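Presented below is the structure to which this report refers.
The values are calculated or read from the model by the stated rules, or taken from the named source; none is laboratory data. Just so it is clear, the structure is predicted and the values come from calculations on it, not from any experiment. Positions of Cβ are backbone-derived with ideal geometry, glycine not excepted, and every protein chain shown enters the neighbour counts. The area values use the complete protein model at the heavy-atom level, side chains included, leaving out ligands, DNA and RNA. Shrake-Rupley method; radii C 1.70, N 1.55, O 1.52, S 1.80 Å.
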Amino acid sequence: MENIEQRVKKIVAEQLGVPETDVKIESSFVNDLGADSLDTVELVMALEEEFECEIPDEEAEKITTVQQAVDYVTANLK
Amino acid sequence: MSLAGKIALVTGASRGIGQAIALELASQGATVIGTATSDTGADAITAYLKAAGAQGAGMRLNVTEAGACEAIISAIEKEYGPVAILVNNAGITRDNLLMRMKDEEWDAIMDTNLKPVYQLSKAVMRGMMKARWGRIINIASVVGATGNAGQTNYSAAKAALFGFTKSLAKEIGSRGVTVNAVAPGFIDTDMTKVLPEEQKAKLLENIALGRLGEPKEIADAVGFLASDRASYITGNTIHVNGGMFMN
């Protein structure tokens, strides 16, 4: 079983079409990985599916880095 | 059967243009969900789809009920799958001179003809983005482009659809979803049957083809936009009005 950080990084890499090695824990989706606003929406959709949770819009807007995504999932995973 | 396996949702499908659209999409092989505001209307849709040998059913939807638009999309997704083609057709008129217009008449038009377009489009977005394929087709009106005395509310809502169509087309074009509008002129339906003969005669003078349109003629434009033949058309409006207004 991969840990949460690895799973998040894998999804980020898939969704944004970047090599997994480029995805660091501190990476910002928009500034470092070239995501546009629609990409970030899709990324949240993918995270919701991977972790079988629903991320409310106001929370989703705060997830802009890999670290924030890992933190959110860790805190909210059932 | 280019739309085989695809789920289409047509609002306001119990009669008129909506019914013709539902049957057109069904003839291309789509599974069609048509909505009506009453159970009787929904049953009638189920019946005509069945008679046409089509997949799909009628469902009750009152677009002005809070949460109804989101609820019907989840219900369809559960039973049939994600909606690939959304035709926002449901609409009403509440004609009055602006001087005499009541807030209720204004609000009824915005709540029925405009807000559900936003709500339903938003609700189908996830499925379309994931599929990297989707069609949103908004049924506008010629009067959204030309204006019409006595229809400030209706024409404002219809003109709003043009802006909505263009903006959403830009937002999600990169995901293979196209958003277009069809603007009917005067079509022979219950909505135009109520017009006085005198007004109809005057209208015909301004229609190059000299007749009202048939619902099927609107449905054909919608059927084209829904198909892969229209894959490179987005953010646009097809005017189907017999030459009453030339863009």
> Per residue, what accessible area does the protein assembly as shown have, given a 1.4 Å probe and all protein chains present, in Å²?
Replying inline: 50 Å²
>> Can you list residues from other chains, or at least 5 along the same chain, whose modelled amide H is less than 5 Å from the amide H of B:PHE186?
In response: B:GLY213
>> Output wanted: per-residue J couplings in Hz (rounded whole) for segment B:153-168, from phi through Karplus 6.51 cos²θ - 1.76 cosθ + 1.60, θ = phi - 60°, x for Gly and Pro.
In response: 5, 4, 5, 5, 5, 5, 5, 4, 5, 4, x, 4, 4, 5, 5, 5
> At 222 nm, what helix-only mean residue ellipticity would the protein assembly as shown give, in deg cm²/dmol to the nearest 500, using -39500 (n - 2.57) for each DSSP H run of four or more?
Replying inline: -14500 deg cm²/dmol
> Which of the aspartates and glutamates could a cross-linker span from B:LYS216 if the Cα-Cα distance has to be under 13 Å and same-chain partners fewer than 8 positions apart are dropped?
Replying inline: B:GLU24, B:ASP188
>> Need the list of aspartates and glutamates near B:LYS193 for cross-linking: C-alpha distance under 16 angstrom, and skip anything on the same chain fewer than eight residues off.
In response: B:ASP95, B:GLU214
> Exactly which trypsin sites (Lys or Arg not before Pro) in segment B:157-247 are in a DSSP loop and have at most 15 other Cβ atoms within 10 Å?
Replying inline: B:ARG211
> What's the local net charge at B:LEU204, with K and R +1, D and E -1, over the other residues with C-beta under 15 Å away?
Replying inline: -1
> Angle, helix B:39-51 long axis vs. longest principal axis of chain B, Cα atoms, 0 to 90°, nearest 10?
Replying inline: 70 degrees
>> Could you put B:LYS78, B:LYS122, B:LYS6 in order of accessible surface area, largest first, with the 1.4 Å probe and the full protein assembly present?
In response: B:LYS78, B:LYS122, B:LYS6
>> With +1 assigned to the C-beta of every Lys and Arg and -1 to the C-beta of every Asp and Glu, and no other charges, what is the dipole magnitude of segment B:4-138 about the Cα centre in debye, to the nearest 20?
In response: 540 debye
> Heavy-atom accessible area of B:THR37 with all protein chains present, probe 1.4 Å, nearest 10 Å²?
Replying inline: 100 Å²
> In 5 Å bins starting at 0, how do the alpha-carbon pair distances of chain B split up by percent?
Replying inline: 1, 7, 14, 19, 21, 17, 12, 6, 2, 1, 0
> Counting only protein heavy atoms and using a 1.4 Å probe, what share of the accessible area of segment B:17-98 belongs to carbon plus sulfur, as a whole percent?
Replying inline: 51 percent
> By a straight-distance test (C-alpha under 27 Å), which lysines pair with B:LYS78 as possible cross-link partners, with residues fewer than eight away in the same chain excluded?
Replying inline: A:LYS78, B:LYS6, B:LYS50, B:LYS115, B:LYS122, B:LYS130
> Counting every Cα pair in segment B:2-68, what percent are over 18 Å apart?
Replying inline: 26 percent
> Which ³J(HN,Hα) values in Hz, rounded to whole numbers, follow from the phi angles of segment B:64-80 under the Karplus curve 6.51 cos²θ - 1.76 cosθ + 1.60, where θ = phi - 60° and Gly and Pro get x?
Replying inline: 8, 6, 4, x, 5, 5, 5, 5, 5, 5, 5, 5, 5, 4, 5, 7, 10
> When all protein chains stay in place, what accessible area (Å², nearest 10, 1.4 Å probe) is found for B:TRP106?
Replying inline: 90 Å²
> Put B:TYR232, B:TYR80, A:TYR72 in order of accessible area, largest first, 1.4 Å probe: what do you get?
Replying inline: B:TYR232, B:TYR80, A:TYR72
>> Nothing charged except the Cβ atoms of Lys and Arg (+1) and of Asp and Glu (-1): what's the magnitude of the dipole of segment B:76-194 about its Cα centre? Round to the nearest 20 debye.
In response: 620 debye
> Which residues of segment A:9-38 show a drop of at least 20 Å² in accessible area when all protein chains are present, compared with their chain alone (probe radius 1.4 Å, heavy atoms only, ligands and nucleic acids excluded)?
Replying inline: A:LEU38
> What is the Cα coordinate range of the protein assembly as shown on the first, second and third principal axes, sorted by size from largest, in whole angstrom?
Replying inline: 74, 45, 35
> Expressed in whole Å with the largest first, what are the equivalent ellipsoid semi-axes of segment B:129-246 derived from the C-alpha gyration tensor as the square root of 5 times each eigenvalue?
Replying inline: 29, 15, 10
